[in-house]
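Undergrad: Take this structure first; my questions come after.
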Amino acid sequence: MAGLVKKQGYYRGSVWEWNLPTGWSCPFAQECLVKVDRASGKFDVHRGSYRCYAASAERFPGVRDSRWANFDLMKAGGRPDIPKKCKAIRIHMSGDFFSQAYFDSWLEICRSRPDIEFWAYTKSLNYWVARLDQIPSNLILTASYGGRLDHLIEKHGLKNVKIYPCAEDVEPGRPIDTNDDWARIPDVNFALLDNMKQSKSDQKAYVGKAIQTWDDPRTNREKDAES
Ligand code: SF4
């Protein structure tokens, strides 16, 4: 069933997420790319420098159904129903802006709800760059390194995030985000730690579809909320 999903615990305050299927809705994903077959749940993992952490929850049919229903809705020109009490929306804990029309539809939604805080990470930088002077003040975008359009980040001075294997590798001046707080603040570049870095045996297990060996805390929350 399509819809926003309410999350508590990970974010500061109560946040609603709008999620799409990973990979399938990410036209410019590269290093992170993971696609999960809608029907079978089979994982197709691109062996990049890091992996999409949002994909793991798609092993649950209920999560896949929800994300694909959202995808179908938006491709058909639909809009999410926003609950009355909603004050904060993270667009795409999973997924990305899959077309200019879809990106533009979120700009319209944000303009229509100035009482709501919106934020999103994206690798679909061309859609953002095409609307640089039209981003509503209640929408904070963060360019995520590791996509096919990374060159646009420096060229246009986009707020950005880089993924690092461990805290020791983070370049000076980048705060490490653990709950999306830095993603909600304009004009601050920050770091995320790769929460997929596990022992080699765990990584092999992941590629071999033994996703149960993973210890991604977000996964359990997603399972509770979405399945
Ligand atoms: S762009 Fe984001 S959601 Fe899409 S595959 Fe990469 S990390 Fe996952």
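Throughout, read-outs are computed from the coordinates displayed, never taken from laboratory work. A quick note: this is a predicted structure, and the numbers were derived from the prediction, not measured. Heads up, the Cβs are rebuilt from the backbone with ideal geometry, glycines too, and the neighbour counts pull from every protein chain shown.
Undergrad: Is the C-alpha gyration tensor of segment 15-125 telling us rounded, prolate or oblate? Criteria: a/c under 1.5 is rounded; beyond that, a/b larger than b/c is prolate, otherwise oblate.
TA: The shape class here is prolate.
Undergrad: Among 17, 168, 58, which comes first, second and so on when ranked by fewest other beta-carbon atoms within 10 Å?
TA: Ordered by Cβ neighbours within 10 Å, fewest first: 168, 17, 58.
Undergrad: Turning to a different aspect of this structure: Quick one: Karplus J couplings for segment 150-164, per residue in order, coefficients 6.51, -1.76, 1.60, θ = phi - 60°, nearest Hz, x for Gly and Pro?
TA: After applying 6.51 cos²θ - 1.76 cosθ + 1.60, I find 4, 4, 6, 5, 6, 4, 10, x, 7, 3, 8, 10, 10, 9, 10 Hz.
Undergrad: What net charge do the residues around residue 136 carry, taking every other residue with its C-beta under 13 Å from that of residue 136, with Lys and Arg at +1 and Asp and Glu at -1?
TA: Once all neighbours under 13 Å are counted, the net charge is -2.
Undergrad: Cα-Cα over 29 Å: which of 87/155; 35/85; 35/87; 7/35; 6/155?
TA: 87/155; 35/85; 35/87; 6/155
Undergrad: Tally the DSSP beta bridges in segment 5-208 and give the antiparallel ones as a percent, rounded to 5.
TA: 25
Undergrad: How do 148, 12, 184 line up, fewest other C-beta atoms within 10 Å first?
TA: Ascending number of Cβ neighbours within 10 Å: 12, 148, 184.
Undergrad: While we're here: Please report the relative contact order for segment 5-208, taking Cα pairs under 8 Å with a sequence separation of at least 6, and give it as a percent rounded to a whole number.
TA: For segment 5-208, the relative contact order is 19 percent.
Undergrad: Can I ask one more? Take 150, 115, 133 and order them by how many other Cβ atoms sit within 10 Å, fewest up front.
TA: 133, 115, 150
Undergrad: Once phi is turned into ³J(HN,Hα) by the Karplus curve 6.51 cos²θ - 1.76 cosθ + 1.60 with θ = phi - 60°, what whole-Hz value does each residue of segment 173-181 show in order, with x for glycine and proline?
TA: x, 9, x, 8, 8, 10, 8, 6, 4
Undergrad: Is the shape of segment 130-182 best called rounded, prolate or oblate, per the rule: a/c under 1.5 gives rounded, else a/b larger than b/c gives prolate, else oblate, with a ≥ b ≥ c the square roots of the Cα gyration tensor eigenvalues?
TA: oblate
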